[in-house]
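S.K.: Below is one structure. I have some questions about it.
The values are calculated or read from the model by the stated rules, or taken from the named source; none is laboratory data. The model shown is predicted, which means the values in this text are computed figures rather than measured ones. Because the Cβ atoms are built from the backbone with ideal geometry, glycine has one as well, and the counts that use them run over all protein chains shown. Remember, those area values only see protein heavy atoms, side chains included, never the ligands or the DNA or RNA. Shrake-Rupley method; radii C 1.70, N 1.55, O 1.52, S 1.80 Å.
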Amino acid sequence: MSLRQLFPVGADEPDLAALYAYPDGRWLRANMVSSADGAATLGGASAGLSFDTDRRVFALLRTLSDVILVGAATARAERYKPARPHELWRELRGEGSGRTLTPPIAVITARLDLDPDSPLITAAPPDARTIVITTARAPADRRADLARHADVIVAGDKAVDLEAAVGALAERGHRRMLTEGGPNLLAQLVAAGLMDELCLTLGPLMAGPGASRIVTGDPGTGPRPLTLAHVLEDDGFLLCRYTSKDH
């Protein structure tokens, strides 16, 4: 089946780059995938819930962003590596666009529990070095090891101050932010009032009990109302885009 726009009613071949364009100013977008019964993973990873069009939109959202924000647990579970040019929409990035070929990955980790020799740290290009966001109390020796190949930002004392972290990224020119989770990081961003937009793919699948939701951990400050911006459909999968009621 072909991709079609259900809401607002639109063309059968929607202009994805226009639909997902960032507004002006600082904006933090979350991109997640879920089964019909709310599971965020299958077998501990999100890949089993995705499909071709979802992966195409995933690549587009990365292409449009200035930085990709992810929690350390997700970076390990999903075996994160730096974004690569061939994975992105090349016509929207790189030469002539005034942007680097790839956006850097920014990893949130209070304890610096990252391998300083992993590809995520060592294989990033010089103009899009991986960014590690940690705390003042993180081990100094591990911070020094990571700083050999990554840019380290200190935001917070015992726990990462997400408002300070997002502010530091914006000060570096990374105003169009994309977070890919995981569920704990997304819950913290929502609780802090930092999430401006949620892109959620719903798959036609019952995953069954046991899997986590797209937000987990501290319940935060209660429900957050959202506004539905658009819905796309392809082969039973729904690609929904919501914005914060504040916007």
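S.K.: Considering segment 19-156, what Rg and Dmax in Å follow from its alpha-carbon atoms?
M.R.: Both quantities, over Cα of segment 19-156: 15.8, 45 Å.
S.K.: Length gain on complete extension for the stretch residue 200 to residue 118, per 0.36 nm per residue less the alpha carbon to alpha carbon distance?
M.R.: Extra length available between residue 200 and residue 118 comes to 26.6 nm.
S.K.: I want to make sure I understand the PRE zone here: with the label point 7 angstrom from the Cα of residue 227 toward its beta carbon, which residues in segment 1-42 have backbone N atoms less than 18 Å away?
M.R.: Those under the cut-off are 7-9, 19-30.
S.K.: Mind giving me the FRET efficiency for residue 111 and residue 148? R0 is 30 Å, r the Cβ-Cβ distance, nearest 0.05 is fine.
M.R.: Efficiency, from the Cβ-Cβ distance: 0.95.
S.K.: Sticking with this one: Rank 165, 211, 18 by mean-square fluctuation in a GNM of the chain with C-alpha springs under 10 angstrom and give only the top-ranked residue.
M.R.: 18
S.K.: If you restrict to DSSP beta bridges whose two residues both lie in segment 1-148, what percentage is antiparallel, to the nearest 5?
M.R.: Details: 1 of 8 bridges.
About 10 percent, rounded to the nearest 5.
S.K.: Over the Cα atoms, compute the radius of gyration (one decimal) and Dmax (the largest Cα-Cα distance, rounded to a whole number) for the chain, in Å.
M.R.: 17.7, 55
S.K.: How many percent of the accessible area of segment 1-88 is carbon or sulfur, using a 1.4 Å probe? List each step's numbers first, then the result.
M.R.: Numbers: 2140 of 4110 Å².
The nonpolar share, carbon plus sulfur, comes to 52 percent.
S.K.: Where only protein heavy atoms count, and the probe is 1.4 Å, what is the accessible area per residue for the chain in Å²?
M.R.: The answer is 48 Å² per residue.
S.K.: With a point put 7 Å past each Cα toward its Cβ, work out how far residue 159 is from residue 9 in nm, to one decimal.
M.R.: The two pseudo-label positions are separated by 4.7 nm.
S.K.: What spacing in nm lies between the two simple spin-label points modelled at residue 47 and residue 59, each 7 Å away from Cα in the Cβ direction?
M.R.: Those two pseudo-labels are separated by 1.6 nm.
S.K.: Suppose each label sits 7 Å from its Cα in the direction of the beta carbon; what would the residue 18-residue 2 distance come out to in nanometres?
M.R.: Those two pseudo-labels are separated by 1.6 nm.
S.K.: Let me ask something else about it. Taking every DSSP beta bridge that has both residues in the chain, what percent is antiparallel when rounded to the nearest 5?
M.R.: 40
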